[in-house]
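Down below is the structure, laid out as structure tokens.
The values are calculated or read from the model by the stated rules, or taken from the named source; none is laboratory data. Note that the structure is a prediction, hence the values are computed from the model and not measured. Cβ atoms come from the backbone with ideal geometry, glycine included; neighbour counts cover every protein chain shown.
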Amino acid sequence: MHQFWDTCKKELERQIDPHNFISHIEPITISGITDSEVTLVVPSAFSQGWIERNHLRDIAEAISRGAGGERKISFVVAAPRAKEARTPLPVKTKQRKTAAPIRLNPLYTFTSFVRGKSNEFAYASALQAAVNPGAKYNPLYLYGGVGLGKTHLLQSISQLILDKHPGWSVLYLSSDQFVTQMISRMQKGQMEEFRNTFRNLDVLLIDDIQFIAGKPATQEEFFHTFNELFHAGKQIVITSDQFPKDIKKLEDRLRSRFASGLIADIQPPDLETKIAIIRTKAETNGYKLPEDVIHFLAETVKSNIRELEGCMARVVAFSSLKGVPIDLVLAREVLHDVYSNAQKHIGIPQIQKTITEYFGLKPNDLKSKNRSRNLAVPRQIAMYLCREITDESLPQIGKVFGGRDHSTVIHAHQKIKKEIETNTKIYSDITAVKKMLEL
Ligand code: ADP
Ligand code: MG
């Protein structure tokens, strides 16, 4: 009987979204099977209702295939397990254990996270950490630029773990909240309580760890918290917009601990992922967006998904305020102020001029064949910016940099793109040049 139900579950696992499967289907057990009926045991009346509304059909079909014919399905709610009554620690609940409860956004779940090439590794790692906390990827370090979904994934982990283990104490907070709470406890002479809150956790999820940079006392405290949880096999997940090694003013021992588990990065989304995200969000919010508007939004907003959502909401709001339908004309009008880059027409000459000024070069230096480093790097940065900002083709860019081949432009673009992530000098040079270009 149990084997039969396991086989059915395996089949269901392939059909049902992982988050829903883990939260609702996996906990179901079987208590009886006859020629006409199968009895399933569910953890609560709530989950029974949810399953009946959402997956009764899938379950019936899996059972029918497994048993070679249809069966009536009935549910019984499991009696509360005695084991849970003898928890040694004070009762842990979502609300009680957190130092100061942080409200999670109920919309940030694995189900609502749209997957694409740019984020699938981070998604899969986060899901693993949620399904097998403390097992494999510990600590898990999620790294990615602003607005790319780090917080969304981190909160998804929290919600899934709490769905599965309602009694666990899972703490989600950003590193600056850690700092604030620590300082306030310190002032009240309650460091012991502060330590206990953290050290009794089952899961610690810290968002934006970069904010503890330059705060030695907090880092010291965090180091001990980290170690205790880690050695007790508790899952720790950290997010940041920088790699551990690039966070300045961070103690080396923390840096090396952060890098000791799995580092998963989230890249900016490609066009298809952006389109899929807009579609999903439009559907969730009940917006009706024409295809060309969806494409326009995806193309206009470069990478930040928060910005993408904001632009979509703006277009919808304008349409409703003005009482006009959502179309491309409206979308262009609304986003004109936000995205005037295209209208600004920043071209190659302007980029070359700005780079020359910024690096103090002579007008022809960018075109010359001189490969010394103080010229080669600015030249590569200039090519990179031309590729990123303008619509000029690779051969065209090569041509205006002293008749170079298009493969040279590709090489320069790739090299700088990679260096931005690790080389702070190049990063700040590019930021400064962009500022001069008013980008
Ligand atoms: P970060 O913490 O990396 O700055 P967030 O997690 O706050 O970014 O994401 C910004 C917004 O974009 C949120 O509203 C989030 O729901 C949304 N978002 C990001 N990535 C995705 C995705 N892959 N699918 C759906 N929504 C996403
Ligand atoms: Mg965030």
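Filtering the range 111-154 down to residues that are hydrophobic (A, V, I, L, M, F, W, C) and within 10 Å of ligand 1 (Cβ to nearest atom), which residue is farthest from PRO166 (Cα to Cα)?
Within the range 111-154, the first condition is being hydrophobic (A, V, I, L, M, F, W, C), and the residues that meet it are 113-114, 121-122, 124, 126-127, 129-131, 135, 140, 142, 146, 148, 153-154.
The next check asks that each one be within 10 Å of ligand 1 (Cβ to nearest atom); those that pass are 113-114, 122, 142, 146, 148, 153-154.
Details: PHE113: 22, VAL114: 26, ALA122: 25, LEU142: 25, VAL146: 31, LEU148: 29, LEU153: 19, LEU154: 17 Å.
Result: VAL146.
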If we keep only residues of the range 173-219 that are aromatic (Phe, Trp, Tyr) and more than 16 Å from ligand 1 (Cβ to nearest atom), then the residue farthest from THR151 (Cα to Cα) is PHE194
Those residues of the range 420-439 that are over 19 Å from ASP241 (Cα atoms) and of a type outside the set (A, V, I, L, M) come to a total of 3
*Inspect the range 308-316 for any residue being part of a helix (DSSP H, G or I), touching a residue at least 40 places away in the same chain (Cβ under 8 Å) and either among the β-branched types (Val, Ile, Thr) or out of contact with any Lys or Arg (no Cβ under 8 Å at 6 or more places or on another chain) (or both) and give the result as yes or no.*
no
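Evaluate the range 372-386: report whether one residue or more is polar (S, T, N, Q), crowded, with 17+ Cβ neighbours inside 10 Å and closer than 23 Å to ASP246 by Cα. Spell out how you get there, then give the answer.
First, the residues of the range 372-386 that are polar (S, T, N, Q): 372, 374, 380.
With the extra rule that they be crowded, with 17+ Cβ neighbours inside 10 Å, the set shrinks to 380.
If we keep only those that are closer than 23 Å to ASP246 by Cα as well, we get 380.
Looking through the range 372-386, at least one residue is polar (S, T, N, Q), crowded, with 17+ Cβ neighbours inside 10 Å and closer than 23 Å to ASP246 by Cα.
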Report task. State whether the residues of the range 68-81 include one that is part of a helix (DSSP H, G or I), over 35 Å from the mean Cα position of the chain (by Cα) and touching a residue at least 12 places away in the same chain (Cβ under 8 Å). Result -> no
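Test of understanding: among ARG103, ARG115, which residue is in contact with a Phe, Trp or Tyr (Cβ under 6 Å, 6 or more places away or on another chain), part of a loop (DSSP other than H, G, I, E, B) and either at pLDDT 65 or above or surrounded by fewer than 12 Cβ atoms within 10 Å (Cβ to Cβ) (or both)?
Working: ARG103 fails: in contact with a Phe, Trp or Tyr (Cβ under 6 Å, 6 or more places away or on another chain).
The match here is ARG115.
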Screening PHE223, PHE211, PHE178 for residues that are closer than 25 Å to ASP265 by Cβ, in contact with a helix residue (DSSP H, G or I) (Cβ under 7 Å, 6 or more places away or on another chain) and surrounded by fewer than 18 Cβ atoms within 10 Å (Cβ to Cβ) leaves only PHE223
Selection from the range 248-276 of residues within 16 Å of ligand 2 (Cβ to nearest atom) and either crowded, with 20+ Cβ neighbours inside 10 Å or aromatic (Phe, Trp, Tyr) (or both) yields ALA264, ILE266, PRO269
Residue hits (the range 118-150; surrounded by fewer than 19 Cβ atoms within 10 Å (Cβ to Cβ) and touching a strand residue (DSSP E or B) at 6+ places or on another chain (Cβ under 7 Å)) are PHE121, GLY134
(1) over 16 Å from LYS435 (Cα atoms); (2) in contact with a helix residue (DSSP H, G or I) (Cβ under 8 Å, 6 or more places away or on another chain) all hold for ILE355 apart from (1)
Listed by first then second residue, the pairs whose first member lies in the range 239-263 and is without any contact (Cβ under 8 Å) to a residue 12 or more places away in the chain and of a type outside the set (A, V, I, L, M), whose partner is part of a helix (DSSP H, G or I) and away from ligand 1 (no atom under 16 Å from the Cβ), with beta carbons under 6 Å and at least 6 positions apart or on separate chains, are ARG255/PRO244
* On the given criteria, is SER169 modelled with pLDDT under 95 and touching a helix residue (DSSP H, G or I) at 6+ places or on another chain (Cβ under 6 Å)? -> yes
* Assess whether LYS136 counts as being of a type outside the set (S, T, N, Q), more than 16 Å from the chain's Cα centre (by Cα) and outside any helix (DSSP H, G or I). => yes
